[in-house]
Amino acid sequence: MTIHGVLDARERGATLSRLATERFDVLVIGGGITGAGAALDAASRGLRVALVESRDLASGTSSRSSKLVHGGLRYLEQLDFKLVYEALRERDLLVSKLAPHLVKPVSFLYPLYRKVVERPYVGAGLALYDAMEGTRRPVPHHRHLSVRGALKLAPGLSPARLAGAMLYYDAQVDDARHTLTVARTAAAHRAVVATRVSATELLRGPDGIRVTGARVRDEESGDEVDVRAEAVVVCAGVWTDLVYDLAGVRAGYRVRMSKGVHVVVPREAVHADTGMIVKTDKSVLFFIPWGERWIVGTTDTDWSGDRAEPAATEEDVDYILAAANRVLARPLTRADVIAVYAGLRPLVSSPDGNGSKGARGARGAKGSKPTTKVSREHVVDVPVPGLVSIAGGKFTTYRLMARDVVDAAVGGFDRVVPASVTEKLPLLGADGLAAVQAGAPRLAEDYRVPQAVVEHLLGRYGTLATEVLDLIRDDPGLARPLAEGHPYLRAEVAYAVTHENALHVEDVLMRRMRLFIESADSGTGAAADVSSIMGRLLGWNRRRRAAETRRYLDLVAAEQTTTVIGSGAVPAAALAGATAG
Ligand SMILES: Cc1cc2nc3c(=O)[nH]c(=O)nc-3n(C[C@H](O)[C@H](O)[C@H](O)COP(=O)(O)OP(=O)(O)OC[C@H]3O[C@@H](n4cnc5c(N)ncnc54)[C@H](O)[C@@H]3O)c2cc1C
């Protein structure tokens, strides 16, 4: 049962029986950022909401992004002003009010190589970018830098051809943690959130047309139950067409899969005190500061393979390293690579598969009026009464996507439902953050832990950090670090079970914490300890603990075989990162 935003894995049985016995206004299929956002949007309007996710929250694209909350300079260059404007406002809202504990400003240096033409062009773009911000301005304005100024901030840049730089600001987030926090906030508004539960069939009403819920399968036991809801909202990302197949209806759009790969390298491999963005022949390459590491990427190639486990190839890694090395003084080599991860962008195209974004054509039940509404970035589709879907968009604009898809769902209700309130709704852990941050030294004293521990926890849980500290007070052994050289504590493993719905070792090592992409051994060295801490809470016997550890090691090994990197020059364990992120 989910109470006050607590997703306790030990209460999973009660959660599943609520799915079977309650009648919901909205059933959300998919627990990525869009589905979590839709559940929060609907629940905070006072609706009865259930969310089912076939694997773990954020296990799809929403843990494999570049982890930027940004307007996107690239879209500005494509003259997509509306998208940039909306995304920048969302960025500012998240940084200043909705999730300041999770979404944090980050600076990017944009090196210039053509003295006369480039500076006015990029400068004008960045001035426009800044001008599109709202009145809150939680991130500083852009600045012009000389060659000297650029090299002072980023000594790792090669001085050859460098003509100066611009410095501008965006924001970054742990995408999986943000998705989890949105889902927990939905649970705080009484949404029922169930993971490892897949929709396998859509239920129809007496007229044989209206969708009235879904049959769902518990992936842990194989049991199936029917979940009744007035509207089913599909937020299944690159799986959307498969869910449409369950309903036997045609979508008003198609989702095209575009693979994006990132590599993770140690912080010392690139000498810079700021993030960087460089132009490439095809797009842009980001160097994104990520704790003691850099995330470098990304690529953009069509994908038609396995949706759950997209694989990075040798060419992907080589492309990223070559693009990076065009601007670095000390080239990156495969030996620098700690991990590689790949994700799939759910890009929207028209039903015949041509073009993008302009998808139209789905018709409502009444037959005449097109019911596919297309915005520049995301598409909402109502193929039959009771069924609504959304695809496309960006992580940054999830709140707007959620609002739009819930508006479409309640548009079919025969009663008035309040408008979205999420613009005014801080996520769990955000309210009162400034005071808790100011009181960090006192918290450290009270809980007898170093202040660095408190700061680490505040940066991940906001004001909920005290819940993790309470676990340490009850069992001081949980204050110990989980893995050498990483800030995560054993208490965070326990908390992942009792408050964050972690059911298996991979949920903890891949998404609640990011050792899968941050550690050269993909977190395998910590797997047995994670299994043991989880097992104590979930009642696993010795055999089950060993099996859960083995499951993680097998998963990592399987990732290695799906990742096609021939030379073996990248550390084998690093390749396991190919499907996380
Ligand atoms: C490489 C890359 C970099 C990116 N970088 C950025 C960035 O920096 N900033 C930004 O704003 N955006 C970025 N994006 C885009 C952003 O990550 C995506 O738009 C967003 O994560 C999509 O979320 P989603 O919830 O729609 O899909 P997903 O996260 O994929 O969620 C869909 C979920 O549905 C579940 N599901 C599927 N079928 C069923 C079923 N039958 N029953 C139950 N559950 C089901 C899946 O398991 C999955 O978890 C990036 C994307 C990629 C690939």
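Values in this text are rule-based calculations from the coordinates and carry no lab data. Everything quoted here is computed from the prediction, not taken from an experiment. Glycine also receives a Cβ, built like all others from the backbone with ideal geometry; neighbour counts cover every protein chain displayed.
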*Filter the trypsin sites (Lys or Arg not before Pro) in segment 92-126 to those in DSSP coil with at most 12 other Cβ atoms within 10 Å of their Cβ, and list the result.*
114
_Vicinal HN-Hα couplings computed from phi for segment 293-301 (Karplus, 6.51 cos²θ - 1.76 cosθ + 1.60; Hz; Gly/Pro x)_ = 9, 10, 9, 10, x, 9, 10, 8, 9
*How high is the relative contact order of segment 188-268, in percent, counting Cα pairs under 8 Å that sit 6 or more residues apart?*
20
*Can you check what the net charge comes to around residue 335, using other residues whose Cβ is under 14 Å from the Cβ of residue 335 (Lys, Arg +1; Asp, Glu -1)?*
-1
*For the chain, what proportion of DSSP beta bridges, expressed in % and rounded to the nearest 5, is antiparallel?*
75
*Rounded to the nearest 500, what is the 222 nm mean residue ellipticity of the chain from helices alone, with -39500 (n - 2.57) per DSSP H run of 4+ residues and division by all residues?*
-10000 deg cm²/dmol
_Between segment 57-115 and segment 327-349, the Cα center-to-center distance that results, in Å_ = 18
*Considering Cα pairs under 8 angstrom that are at least six residues apart, work out the relative contact order of the chain and quote it in whole percent.*
19
*C-alpha center-to-center spacing [segment 170-212, segment 242-268] in angstrom*: 17
*Taking a 25 Å limit on the Cα-Cα distance, which of the listed pairs 115/152; 259/394; 104/282; 152/282; 97/394 fall beyond it?*
104/282; 152/282
*Just in segment 426-505: which trypsin sites (Lys or Arg not before Pro) are loop by DSSP and have at most 15 other Cβ atoms within 10 Å?*
448
